[in-house]
Amino acid sequence: MPHDVIMPALGMAQDTGILVSWLKRPGDAVVIGDALFEVETDKATMEVEAQHSGFLTNVDASEGAEVPVGRVIAVISETAEGAVAVQIEQNDGPPDGHAIIMPALGMAQDTGLLVNWLKQPGDIVGADEVLFEVETDKSTMEVLAGFDGFVAALLVQAGEEVPVGHDVAIISISKPSNPVQQSLSAAKQVRSKALQVVSASTELEESAALSKATASLPSARILASPKARRLAQERGLDLRYLEEAGHPQPFHVEDLAVLEELKRHTPMPASSMSIRRLTARVSSEQFSEFSEWAGTQLGNTKTGALIAGLAAGSFSQGQGDLVVAYHQFGTVQNFKNPQHFGLGNPVLEDLKTSPALLIYDLRHSPIISVENCLEGPPTVTLLSQDDDLTLTLECRTDQMSAEAAIYFLSEFAGRMKQPLRHLL
Amino acid sequence: MRQITLSTAVNEAIAEEMRRDETIFLIGEDVAEAGTPFKITSGLVEEFGTDRVIDTPISEPGFMGIAVGAAMTGSRPIVDLMFGDFIFLIMDQLCNQAAKTHYMSGGKLNVPLVLRTNMGATRRSAAQHSQSLHAIVAHIPGLKVAMPSSALEAKGLLKTAIRDNNPVVIFEDKLMYQDKAEVPEGELLIPFGVANVKREGADITLVGTSSMVQVAEKAAEILAAEGISAEVIDPRTIVPLDMDTINTSVRKTSRCIVIDEGHQSFGITSEIASRIMEQSFYYLDGPVVRMGAMDVPIPFSPALEDITVPTPERVVAVARRLMAGEMINAT
């Protein structure tokens, strides 16, 4: 079924947002999480993600337009053909004028009960005049019209519960020829009818879908105590997961336990997948002698091939060729199956081939420690200090299991400690 | 150990110091024959004579000016200001002269003067005799401010103040003059700038000054019955202020309420809360909450006066909300 895309409320006191640009074109396929459009508020410019997968259709707001919060600006449909429906809907649409929305009177308010209209369709209204009364869980408040003009349309009936940001009335500058009065449920049906053109499977679940979309939009700022925030950062926890789980804010240190539990049960997206980091240390004596000999006898190319070979011999990979990239002094070499060549001539692979393993040889650099140098495949960094050779393996948790990482690094370290034994 | 009242402790401190040092004299309204309205200096004129226990006319600027001049020229006056509210009458002598002389003379002149006065509401003395004005004094660089919370501190802090070579203002709570506490016989000096951890706790820190230390202690008892462990800290002097002890405690508990009887706005609670926020921000699991007297003239009506200043019950209510992780004062 089609889903409305609305202008989200990104701030507490936000009435409208400027649609800076569309990041998808009408008819484009979109997947949940895709950035759909950019919104500028008085505070910041933010990308708004798609809440549903489908095709972007019925785009009803142009770039640069200032759109009231809650206004439907597009539809995510099951098919790419939906553009026709826009006209149909627009022809049926409400009269022109300033849209008056259900205001957010409290911080945690999703809806407001429209208690009473104080103006009727066609009435003259002043900006300072009370247009309607709203009841929230806390109190009943009068809402001013905000614009001078005529009541062109009342889109909600007294007694209806209206989502925050939803249009409730339209005030026009000129006297409306045909002032409209309708109810929220009627408006839903009208729009649903229009959408049936787009998709045969349209159901009357619109209002539910709309309010859910509003509720699940991430708010701009997570409320958490400074200590909870610091500890979350130290422990590598992302407070957004707590927010998405609907855990009540503000978050305190106590809530981090819930977050840790949550993290254990929820697979994380690859981008924030945590990093494994293992460090091994062996005596560098034998390898130094060996590489010195290799350097003078065979040239530095050879040393790289030897190290790549020792690494590849420890690295268990399934079928196919194993390509190992070797970085030293700012140059890169890709070796193909270096484990098979011992002291013989290695086969160099095109640098465009993405390697399965990356080695940074920093033994002769002033660098003494590395952290998070991982950018692609599992990476081993070689550092030497005094008579010690330090091997640091970094990989994403989805690249190597803990077991595989431990096996690989201990094997590789063993080979580096006694290179000749493994080569001959 | 013997128990004595706060007024006896003050009397003892003055008498002991006057015996030790002949340059010390006591000056103020009704300090000699009458022994002050609170009977604190009774008996001193009999021992030290009218040359060293001096009754003055009702002219606060006059006797304060005399004392500042005397202090600059080798005497060590103890000034008795009958009510803390009268401090507005001596602001020039105190803040422009006494506080700045040491600095402006390049350290050549000292002003070893102690101003003893009082504070505190709920004595049905109405708006002009019930204020707690220590924050106004603490704001002026060059003045030290001590706030004893019991007879023990009253004696130990006063003796330290008398031996200080520059001005110290001591605020005693007038409702505590008859409160007894254990005070050892003989010499007792309590250093300035060293807070006293009155009660250890793990969940929340209650920083209280003067009589609010007792309010904090009572609140801590109620909270303990509910399983909330509160730590109570008495800074004893607010200038200098022992932030090390307060920070250590707040970093342990992550939560703090600062309680003081001065008006809440622009007061001591605000200063302490700000320093905690600056210095221990990343250890806080909730906002540091200030509790002071309401921002109104202290009412004469007993019913109204009693709710103007912080009470143990109100401290407990705020502590419960902090422990529950509620949003406080964030509307």
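Here, each number is a calculation from the coordinates, and none is a lab measurement. This structure is a prediction, so every number in the text was calculated from the model and none was measured. Cβ sites come from the backbone with ideal geometry, for glycine too, and all protein chains shown count toward neighbours.
Working from Cα pairs under 8 Å separated by at least six residues, relative contact order for chain B is 16 percent.
Report for chain B the percent antiparallel among DSSP-assigned beta bridges with both residues inside it, nearest 5. Taking every DSSP beta bridge with both residues in chain B, the antiparallel ones total about 20 percent. Look at the Cα gyration tensor of the stretch B:3-182: its axes a ≥ b ≥ c give a/c under 1.5, and that counts as rounded.
When the Gaussian network model of chain B links Cα atoms closer than 10 Å, the mean-square fluctuations of B:E182, B:E217, B:E305 top out at B:E182. Between amide H atoms placed 1.01 Å from N, distances below 5 Å from B:G28 occur with B:I54, B:T56, B:D80, all of them 5 or more places distant or on a separate chain.
Peptide B:249-257 has a mean shielding of 1, counted as Cβ atoms of other protein chains within 10 Å of each residue's Cβ.
Under 1.5 on a/c is rounded, so check that first for the stretch A:13-52, then, if it is not, pick prolate when a/b is larger than b/c and oblate when it is not; a ≥ b ≥ c are the square roots of the alpha carbon gyration tensor eigenvalues. Since a/c reaches 1.5 and a/b is larger than b/c, the shape of the stretch A:13-52 is classed as prolate. Tell me, which longest segment in chain B has none of the trypsin sites (Lys or Arg not before Pro) that fall in DSSP loops with at most 16 further Cβ atoms within 10 Å? Result, exposed sites excluded: B:125-331. Counts of other chain beta carbons within 10 angstrom of each beta carbon in peptide A:24-31 average 0. Taking only the Cα atoms of the stretch A:226-268, the ratio Rg/Rh comes out at 0.91, with Rh defined as the Kirkwood radius. Over the stretch A:3-87, the alpha carbon radius of gyration divided by the compact-protein estimate 2.2 N^0.38 Å works out to 1.02. Please work out whether chain B counts as rounded, prolate or oblate from its C-alpha gyration tensor, where a ≥ b ≥ c are the square roots of the eigenvalues and a/c under 1.5 means rounded, while otherwise a/b larger than b/c means prolate and anything else oblate? Cα axes put chain B in the prolate bin. Three principal axis extents describe the C-alpha atoms of the stretch B:186-331; from largest down they are 44, 39, 31 Å.
The H on the amide N of A:R276, modeled in the peptide plane, is under 5 Å from the matching H of A:C395, A:R396, A:T397, each at least 5 residues off or on a different chain.
Among beta bridges identified by DSSP and lying wholly in the protein assembly as shown, the antiparallel ones come to about 65 percent. Distances between placed amide hydrogens fall under 5 Å for A:F251 paired with A:L223, A:A224, A:S225, all partners being 5 or more residues away or on another chain.
Peptides B:81-91, B:202-212, ordered by how many other C-beta atoms sit within 10 Å of their residues on average, highest first, read B:202-212, B:81-91.
For the segment B:322-328, counting C-beta atoms of other chains within 10 Å of every residue's C-beta and taking the mean gives 3.
In terms of Cα atoms, the Rg and Dmax of the protein assembly as shown work out to 38.4, 112 Å.
Each residue of the stretch B:179-184 was assigned a 3J(HN,Hα) from its phi angle through the Karplus expression (A = 6.51, B = -1.76, C = 1.60, θ = phi - 60°), giving 6, 9, 8, 6, 9, x Hz with x at Gly and Pro. What do you get for trypsin sites (Lys or Arg not before Pro) in the stretch A:322-424 restricted to DSSP loop and a cutoff of at most 13 other Cβ within 10 Å of the site's Cβ? Listed in order of number, the matching sites are A:K352. Cross-link reach is defined here as a Cα-Cα straight distance under 17 Å, omitting same-chain residues fewer than 8 places apart; for B:K198 the lysines meeting it are B:K180, B:K218, B:K252.
Note on chain B: GNM, Cα springs under 10 Å; of B:N118, B:N166, B:N96, the largest mean-square fluctuation is that of B:N96.
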